[in-house]
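Colleague: Quick one: structure below, then a few questions.
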Amino acid sequence: MSADNDDYVYDEVTGEWRPASEMAAEAAKANEVRDASGNVLKDGDSVTLIKDLKVKGAGQTLKQGTVIKSIRLTDNPEEIDCRHETIKGLVLRTEFVRKR
């Protein structure tokens, strides 16, 4: 019997009972938002585009090297919400940005 008095949760992936704290730590790590280089992103960070992107509906292209300031994280760890002076409501995939 474990002396740490931790609750156990059934992990359907492994088919084992595991400590709840261990499962929570893994869930938090899985929800981290990372850029194309693997850097962790958070609200308010600035990012740089790593390739030219055609913006659907705006009829323009954001060039590689464009700096996007004050990003906001979304529910999807593969997307960030951001603003650009000419485009409102811009959502970028994290695979196309690098943290500054």
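Every read-out reported here was derived from the displayed coordinates using simple, explicitly stated rules and does not represent laboratory data. A quick note: this is a predicted structure, and the numbers were derived from the prediction, not measured. Methodologically, a virtual Cβ is constructed for each residue, glycine included, from the backbone with ideal geometry; neighbour enumeration extends over all protein chains shown.
Colleague: Along the charge dipole of the chain, pointing to its positive end and built from +1/-1 on Cβ of Lys, Arg, Asp and Glu, which listed residue (Val47, Ile87, Ser37) has its Cα farthest out?
Modeller: It is Ile87.
Colleague: Determine the relative contact order of the chain: mean sequence separation of Cα pairs under 8 Å and six or more apart, normalised by residue count, in whole percent.
Modeller: After rounding, I find 24 percent.
Colleague: A further question follows. What does the charge count around Asp11 come to, taking other residues whose C-beta lies under 12 Å from its C-beta (Lys +1, Arg +1, Asp -1, Glu -1)?
Modeller: Residues close to Asp11 contribute a combined charge of -3.
Colleague: Taking only the alpha carbons of the chain, what extent do you get along each of the three principal axes, in Å, biggest first?
Modeller: 62, 23, 21
Colleague: What angle do you read, to the nearest 10 degrees and between 0 and 90, between the alpha-carbon axis of helix 20-30 and the longest principal axis of the chain?
Modeller: 20
Colleague: Between Tyr8 and Gln64, take the C-beta separation as r, use R0 = 41 Å, and let me know the FRET efficiency to the nearest 0.05.
Modeller: In this case the efficiency is close to 0.25.
Colleague: When the Karplus curve 6.51 cos²θ - 1.76 cosθ + 1.60 is applied with θ = phi - 60°, which whole-Hz ³J(HN,Hα) does each residue of the stretch 85-100 get, with x for Gly and Pro?
Modeller: Coupling constants for the stretch 85-100: 4, 9, 10, 8, x, 7, 10, 10, 7, 5, 5, 10, 10, 9, 5, 8 Hz.
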